[in-house]
Structure formats: structure tokens, C-alpha cells
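**Q** I have a structure here, written as C-alpha cells, and I will follow up with some questions on it.
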Protein chains: 2
Amino acid sequence: MPRMSAAEKQKSHDRILDAAARLFRERGIEAASIADVMHAAGLTHGGFYKHFSSKQALVAEAFRHAAGELLSGAGAGADAGGAARAGAQARFIARYLSPDHVADTGQGCPVAALGADAARHGGAVQAEASRAVARMAAFLAPDEPDGEDRGLALMALLAGTVTLARLADTPELAARVIAAGRRAAGILGKEAGEDPVETAV
Amino acid sequence: MPRMSAAEKQKSHDRILDAAARLFRERGIEAASIADVMHAAGLTHGGFYKHFSSKQALVAEAFRHAAGELLSGAGAGADAGGAARAGAQARFIARYLSPDHVADTGQGCPVAALGADAARHGGAVQAEASRAVARMAAFLAPDEPDGEDRGLALMALLAGTVTLARLADTPELAARVIAAGRRAAGILGKEAGEDPVETAV
DNA sequence: CAATTTGGATGATTATTATCATCCTTCATT
DNA sequence: AATGAAGGATGATAATAATCATCCAAATTG
């Protein structure tokens, strides 16, 4: 229909990105088509290439978008040190290892939802995924000598726990997976000097 | 061409299953077509439905097949108790968290390669994945009161670590992820009374 | 206000897909 | 040897995919 202002175009762009980030996480990269994404954004498929050069480019941007939202959402106090930082980390972990996060794949962590897929896609998609992991691990890292590695292990535990919980056949198994993941995160945190999950409650 | 004996048909069936288990892990479920699988098994696409009722059925069986191979491969001493069991667990963990496993997606753990996909597919695929997780967690569980939950958390850490390592953009990051995962597995094991990774070396 | 630009829609194209119908060939059985 | 059963090949079908060419209408620019 219309030619829209630059601000309107940006709005369309953001709607496409939001829809893509949600659909890719919900259905997987291959199972969500460009037409699906555009329809979810309230547009038709043909205009897509006015916004993105290819589906791969969209996937990469959508991954970055999702990771950014996840980190900014829980990032209050992240830059601080000491107790404020530990509190932000604990809150992040508590929310990550929650039934809500397990149920809401479409709005959840893209690493848990698309990590294995991104590893196969290579190129820009894998690059964005790798960057997201590095940023999340840095956020989770305690103020310690080998804090970065501790953050990586924590990140692996979080993503793995949510993936297994989503896999679970029964709500009981899913709940047990989450509880076990929380306890393990507490142990890993305690070894680092404090217990992120317990102190969050 | 031929009409083959029952044993020959079983051979074809197994070849299809092997090829499927490998291709699905390597490329993902959607990206590996039935024609690809049959071609990799040395057959043409048309005969597929003489062996499996649908692609979903093949995926489910292939997942079970892959999980079975993984567990039987490292299962020597799994049924025993005490030191023999702990040794089998430690060897499993050491092999799981190795660069070889990270590199060889096609022969590796199906939970790490296809877990997120299986959660989305639902039905028989998810059921097989869930059963695989339960079996692997039971194998990893220490002889303790809350050993089962410990096994689940360990399984989550293992799968998450391999996924992140495969995601990693650079070999350096991948190596750091594996090292961090190994250390974390050691910590979780120590809390359970022993250190599975260290005692494996 | 006229001209140009450009988001977005419509529709085509080419490729690939899962699934199935049909046929051929050979093994097992009589 | 003749017959029937069935594994596998060939080819068709129908749906869906990503990508692109073309067109339309409005908004910005002059």
C-alpha cells in the first residue's frame, strides 16, 4: 500500500525482528518461513527483502535481538560490583531456571532455544550466537580470578537445564530437572563464594 | 531391484537407521530429507515407506538408536555399584566433555544435537528424547539419596557444555567452554562425594 | 503542486519436500 | 517350473520454500 515515513519503516523493521525472534525460537529456524514471519508482523512476504538481504541475515539479527532483550531485561545492576552485581546475577539465574522460562520458548533465551541450530548454520548466525554466549557468560561471571570460566560453565548449566526441562515428557520430570538445575547452580555459585540462587529468594 | 531375504531387509533397515541417526544429528531434523537419508543408506527414496511409516517415526527411532549406542558404548560397568560404577561414570563424562565429541556431532549425543528440536516436535520424538534423558541421568546418578537429581543436573551441564562448545566462534572459546564444563562437572561430583573427572584421568 | 522515490503487495519462478502409486525383479513356496 | 509376495526403483503429486520482478500508492523533495 503506502509509502511510510522513515519512522514507520523502522517500526515495520522492528515488528519483523520481533516476530522473527519469536517464531524462530518457537518453531526452529527451518520450520519458520519468511512468509510466516512477515504474516506475524502484519505484512506480506514480498516486502521482506526491502528489510533484510536474506533469511540468514534475518536469523542472525533476530538472534542478536533476542539476546539483547534477555540481557537488558535482567541487566539492572550488572555493571556494578559486589553485592549489587551478585544480586543481579542471582535474579537472572532464578528467572532463567523458572517454569515460566521453560514454558515461554518464544520469549526465552535464544541460546537454549536455537543454540544447536546456530552451531550448524555457521556464518553470521553462529557468530551472533557465539557473541551472545560470551556476553551472557561475562554477565554471570563472579568477581574472581577464573571468573570467566565459571560464567561459561554456569551458562552451559542454565541452557542445558532449560533444554532438558522442555524435552521432558511429563510435568513431574520437568519440575525435577529445574529443581536439580537450581541446586547445581547453587553449588557452582557457592564454590565461587556465594550461592546465587538461595540469595535471590 | 531384488526381493531380499528377511535378513537382508533387516540390514537395509539398520543402514537407514544409521544414516538417519547421523544425518539428523549433523544437519538437524528439518534439513535432512528422506531422500538424503535413503541415499546415504545406499538406497533410493521411494522404498522408504516399506521401512517406516513416516518421517516422524524415523526421527523417533533414530533418536532411540543414537541414545542406545551412546549408552551401550560407555556402559561397561554401569550396572555395578561402588568404584566400578563411579569409574564408568567418570569415563563417560570425560569422553562426553572432549573435543572429539564436540567435533563429531553426527556420532555424538542426540540430546545435545537434537534436544531443542525434539522438544518442539512433540509426540514420539519428544517421548524418545525424554526417555533418553532419563536413562542417561540414571546412569550418571551417584549412589546417594538425591542421586537422581544430581544425575539430571550433570546431564544438563554436559549437554549444555557441548552445545556451547559447538556454538563457539573460535577454537579458543570452544576449548575454554570444555575446560570450564569439566571443572564444573568435577565440582558437582565432589559435592556428591568424589570427583568424576579427576578420577578418570 | 509535480516529480521522484520507495515501502509494501501481488504474483511468478525455481527448487525441494513428504508422501504415494506403480512397476520390476527376485526370493520363497508349491 | 509356476505362482505369489514383497523390497526396492521410478516417477508423479501436491505443498511449501526462498528469492525476485513488477506494480501501486503515498510521502518527501523541489
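The values are calculated or read from the model by the stated rules, or taken from the named source; none is laboratory data. Keep in mind that what you see is a predicted model, and the values were worked out from it rather than measured. FYI the Cβ positions are ideal-geometry reconstructions off the backbone, even for glycines, and counts take in every protein chain you see. Side chains included, ligands, DNA and RNA excluded: accessible areas come from the protein's heavy atoms. Shrake-Rupley method; radii C 1.70, N 1.55, O 1.52, S 1.80 Å.
**Q** Could you give, in nm with one decimal, how far B:ALA175 is from each other copy of that position, shortest first, with labels 7 Å out from Cα toward Cβ?
**A** So the distances to the same position in the other copies read 4.5 nm.
**Q** State whether the protein assembly as shown is rounded, prolate or oblate according to the following rule on the C-alpha gyration tensor (a ≥ b ≥ c being the square roots of its eigenvalues): a/c under 1.5 gives rounded; otherwise a/b larger than b/c gives prolate, and the remaining case gives oblate.
**A** Since a/c reaches 1.5 but b/c is at least a/b, the shape of the protein assembly as shown is classed as oblate.
**Q** Relative contact order for chain B using alpha-carbon pairs under 8 Å, separation at least 6, rounded to a whole percent?
**A** 20 percent
**Q** Going by the alpha-carbon gyration tensor, a ≥ b ≥ c the square roots of its eigenvalues, is chain A rounded (a/c under 1.5) or, if a/c is not under 1.5, prolate (a/b greater than b/c) versus oblate?
**A** Cα axes put chain A in the prolate bin.
**Q** Also, quick follow-up: Other chains near A:142-155: what is the mean number of their Cβ atoms within 10 Å of each residue's Cβ?
**A** The mean count of partner-chain Cβ atoms within 10 Å per residue comes to 4.
**Q** Other chains' Cβ within 10 Å of B:117-126 residues: what's the mean? Intermediate values should be presented prior to the final figure.
**A** Working: counts 7, 3, 12, 9, 2, 1, 0, 0, 1, 4.
Taking the mean over all residues of the peptide, I get 4.
**Q** Run the quick spin-label model on B:HIS39 and A:ALA83: label points 7 Å from Cα toward the beta carbon, then report their separation in nm to one decimal.
**A** 6.4 nm
**Q** Also: Any chance you could give the angle, 0 to 90 degrees and rounded to 10, that helix B:123-140 forms with the longest Cα principal axis of chain B?
**A** The angle comes out at about 30 degrees.
**Q** Given Cα pairs under 8 Å that are at least 6 residues apart, what percent is the relative contact order of segment A:6-54?
**A** 33 percent
**Q** Tell me which B residue has its C-beta closest to the axis rotating B onto A, and the distance in Å?
**A** Taking Cβ atoms only, the nearest residue and its distance are B:GLY160, 1.
**Q** By how many degrees, 0 to 90 and rounded to 10, does the Cα axis of helix A:171-191 deviate from the longest principal axis of chain A?
**A** 60 degrees
**Q** Also: Which one, B:THR44, B:THR163, B:THR105, has the greatest fluctuation when you compute a Gaussian network model over chain B with C-alpha springs under 10 angstrom?
**A** Sorting by GNM fluctuation, first place goes to B:THR44.
**Q** Can I ask one more? Does segment B:100-144 come out rounded, prolate or oblate, given a ≥ b ≥ c as the square roots of the eigenvalues of its C-alpha gyration tensor, rounded meaning a/c under 1.5 and, failing that, prolate meaning a/b above b/c?
**A** Oblate shape, in that a/c is at least 1.5 and b/c is the bigger or equal ratio.
**Q** Between chains A and B, what is the buried accessible area in Å², counting both sides, with a 1.4 Å probe and ligands, DNA and RNA left out, to the nearest 100? Before the final figure, lay out the partial values.
**A** Working: alone 10690 and 10720 Å², together 17680 Å².
When A and B are taken together, about 3700 Å² of accessible area is lost.
**Q** Taking chain A as the reference, fit the longest principal axis to its C-alpha atoms, fit the long axis of helix A:82-96 to the helix C-alpha atoms, and give the angle between the two in degrees, 0 to 90, nearest 10.
**A** 60 degrees
**Q** How many nanometers, to one decimal and shortest first, lie between the label point of A:GLY123 and those of its other copies, if labels sit 7 Å from Cα toward Cβ?
**A** 3.0
**Q** Roughly speaking, to the nearest percent, how much of chain B's 1.4 Å accessible area is carbon and sulfur?
**A** Using a 1.4 Å probe with all protein chains present, chain B comes out at 53 percent carbon and sulfur.
**Q** Compute the label-point distances linking B:GLN10 to its equivalents in the other copies; points lie 7 Å from Cα along Cα→Cβ; give nm, one decimal, shortest first.
**A** 6.8
**Q** Let me spell out the model: positive unit charges on the Cβ of Lys and Arg, negative unit charges on the Cβ of Asp and Glu, origin at the Cα centre of segment B:62-200. What dipole size does that give, in debye rounded to 20?
**A** On the way: 13 positive and 17 negative charges, 50 e Å.
The calculation lands at about 240 debye.
**Q** For the protein assembly as shown, compute the number of Lys pairs whose alpha carbons are separated by less than 27 Å, excluding pairs fewer than 8 positions apart on the same chain.
**A** Eligible lysine pairs with Cα atoms under 27 Å apart amount to 10.
**Q** Rounded to the nearest whole Å², what accessible area per residue is found for chain A with the 1.4 Å probe?
**A** 44 Å²
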